[in-house]
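K.L.:
First, the structure itself, so that you have it in front of you.
The values are calculated or read from the model by the stated rules, or taken from the named source; none is laboratory data. These numbers were taken from a predicted model, which means no experiment stands behind them. FYI the Cβ positions are ideal-geometry reconstructions off the backbone, even for glycines, and counts take in every protein chain you see. When the accessible area is computed, the model is the full protein with side chains, heavy atoms only, and any ligands, DNA or RNA have been set aside. Shrake-Rupley method; radii C 1.70, N 1.55, O 1.52, S 1.80 Å.
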Amino acid sequence: MTQFDLTDEQREIQELARRFTADRITPFAAEWDEKHVFPRDTIREAAELGFAAIYVSEESGGIALGRLEAALIMEAMAYGCPSTSAFISIHNMASWMIDRFGDADVKARYLPDLVTMARMASYCLTEPGSGSDAAALKTRAVRDGDHYVVSGSKQFISGGGENEVYVTMVRTGPNTPEGEGPKGISCLVIDKDTPGVSFGANERKLGWHSQPTRQVTFDNVRVPVANRLGAEGEGFRIAMMGLDGGRLNIGACSLGGAQRCLDEAVAYVKDRRQFGKAIAEFQNTQFTLADMATELEAARALLYLAAAKVTAGAPDKTRFAAMAKRLATDTGSSVVDRALQLHGGYGYLMDYPIERFWRDLRVHSILEGTNQVMRMIVGRELLKD
């Protein structure tokens, strides 16, 4: 094995995810997109392979793999449908946060159902007024005996209204400068059917049509203190650690979608004839494909390296996760855009898969931290003394 090769076990995991995608995702993804179908049954089938608890510990029923294995699985599933793969990624992030930071009681109550996806989980950080400035969140949790009373709302929540479990960042700190900052944030697990939890209309979006996105509103919701993950005030740290993995996964979803479009473009240019020959024979076509393939491999190499660093807990893991997310999502969109161009007018039609990937991958530069925020993180790390 060369230093940069996958292990036999990693190849087996990748092959398992590719076979599942070819059988259960790729043939149906266009219909899910067009008819806005949330493929709950297919997602539960992924859970049967362990894909709902990829980096959850074996003691909690997960398959306890590393972040590189998770990236391989997400990349493979995104080859069929980035939207569905990303949805599964978010559930994994929420499950991992409960496993990593929850006490024995919370884990026992939630993880058995999350591992099988009998219940599905959302991650609630973003609010109508705090997106990139996540530490400015306003949703407040006031202690009342052995409960918190939670009021506020969360925006752009994947699985909103459909999922049963909401891992939610709330403000528990006092009305002081410190309490209003990152140190005043705690993390609560909130059930869908708790009185006072409600949902907005399903958002009408450019892409990601196979998963619901809604606003989640909390109106004096009573949540047991026993549902807190970690100590009071640790929520922001927990949220950011979750995002290291989420950023790798969303980058991997971009790689998978872009690889699919590159493969589609290669097949198309061999078949499509103009000026008396296949357009694959034109040097311009070959140069475009060469750049697409080169940039995609470079982004993949950085993402796999970052995944290894996050698994190992390396001191520069957050910087590498941010760099990899930025490069993979920008590159993914750029590769898909050129694949669409190579298809000409046909690329713009829904009869071909390219336009769906073009729409689905666009949001990856925005969520799990915008790519501008990724640059801030990298720049800040570089300038540290």
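K.L.:
What is the residue count in region 306-336 for residues that are of a type in the set (D, E, K, R), in a helix (DSSP H, G or I) and surrounded by fewer than 20 Cβ atoms within 10 Å (Cβ to Cβ)?
P.N.:
Adding up the residues that qualify gives 1.
K.L.:
With Ile279, Ile354 as the choices, which residue is surrounded by fewer than 20 Cβ atoms within 10 Å (Cβ to Cβ) and of a type in the set (Val, Ile, Thr)?
P.N.:
Ile279
K.L.:
Here's a check for you: in region 186-231, which residue that is basic (Lys, Arg) and under 22 Å from Pro174 (Cβ atoms) is most open to solvent (accessible area, probe 1.4 Å)?
P.N.:
Per the stated criteria, the residue is Arg222.
K.L.:
So, Asp244, is that one open to solvent by less than 10 Å² (accessible area, probe 1.4 Å) and either of a type in the set (D, E, K, R) or free of Cβ contacts under 8 Å to residues at least 12 places away in the same chain (or both) or not?
P.N.:
Judged against the criteria, Asp244 is a match.
Table: residues versus (1) touching a Leu at 6+ places or on another chain (Cβ under 9 Å); (2) more than 26 Å from Asn202 (Cα to Cα).
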residue	(1), (2)
Gly145	no, yes
Ser153	no, no
Phe156	yes, no
Asn163	no, no
Met169	yes, no
Glu180	no, yes
Gly184	no, yes
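K.L.:
Of the conditions (1) more than 18 Å from the chain's Cα centre (by Cα); (2) among the aliphatic types (A, V, I, L, M); (3) open to solvent by less than 70 Å² (accessible area, probe 1.4 Å), Ala299 fails just one. Which one is it?
P.N.:
(1)
K.L.:
Is one or more of the residues making up region 274-293 part of a helix (DSSP H, G or I), of a type in the set (S, T, N, Q), closer than 22 Å to Ala76 by Cβ and in contact (Cβ under 8 Å) with a residue 12 or more places away in the chain?
P.N.:
Checked against the condition, which is being part of a helix (DSSP H, G or I), of a type in the set (S, T, N, Q), closer than 22 Å to Ala76 by Cβ and in contact (Cβ under 8 Å) with a residue 12 or more places away in the chain, region 274-293 yields no hits at all.
K.L.:
I've got another one for you. Looking at (1) more than 22 Å from the chain's Cα centre (by Cα); (2) part of a strand (DSSP E or B), which is the only condition Lys138 fails?
P.N.:
With (1) more than 22 Å from the chain's Cα centre (by Cα); (2) part of a strand (DSSP E or B) applied to Lys138, the lone miss is (2).
K.L.:
Then there's this: Only one residue in Ala64, Ala70, Ala52 is in contact with a helix residue (DSSP H, G or I) (Cβ under 8 Å, 6 or more places away or on another chain), without any contact (Cβ under 8 Å) to a residue 40 or more places away in the chain and small (Gly, Ala, Ser). Which one?
P.N.:
None of the other options fit; the residue is Ala64.
K.L.:
Please go through (1) touching a Lys or Arg at 6+ places or on another chain (Cβ under 8 Å); (2) open to solvent by 10 Å² or more (accessible area, probe 1.4 Å) for Thr176 and return the number of the only condition it doesn't satisfy.
P.N.:
(1)
K.L.:
Now, a different point. For region 3-61, what are the residues that are surrounded by fewer than 21 Cβ atoms within 10 Å (Cβ to Cβ), over 27 Å from Ala201 (Cα atoms) and of a type in the set (A, V, I, L, M)?
P.N.:
Leu6, Leu16, Ala22, Ala47, Leu49
K.L.:
Please find, among Glu31, Glu75, the residue that is out of contact with any helix residue (DSSP H, G or I) (no Cβ under 7 Å at 6 or more places or on another chain) and either acidic (Asp, Glu) or part of a loop (DSSP other than H, G, I, E, B) (or both).
P.N.:
Glu31
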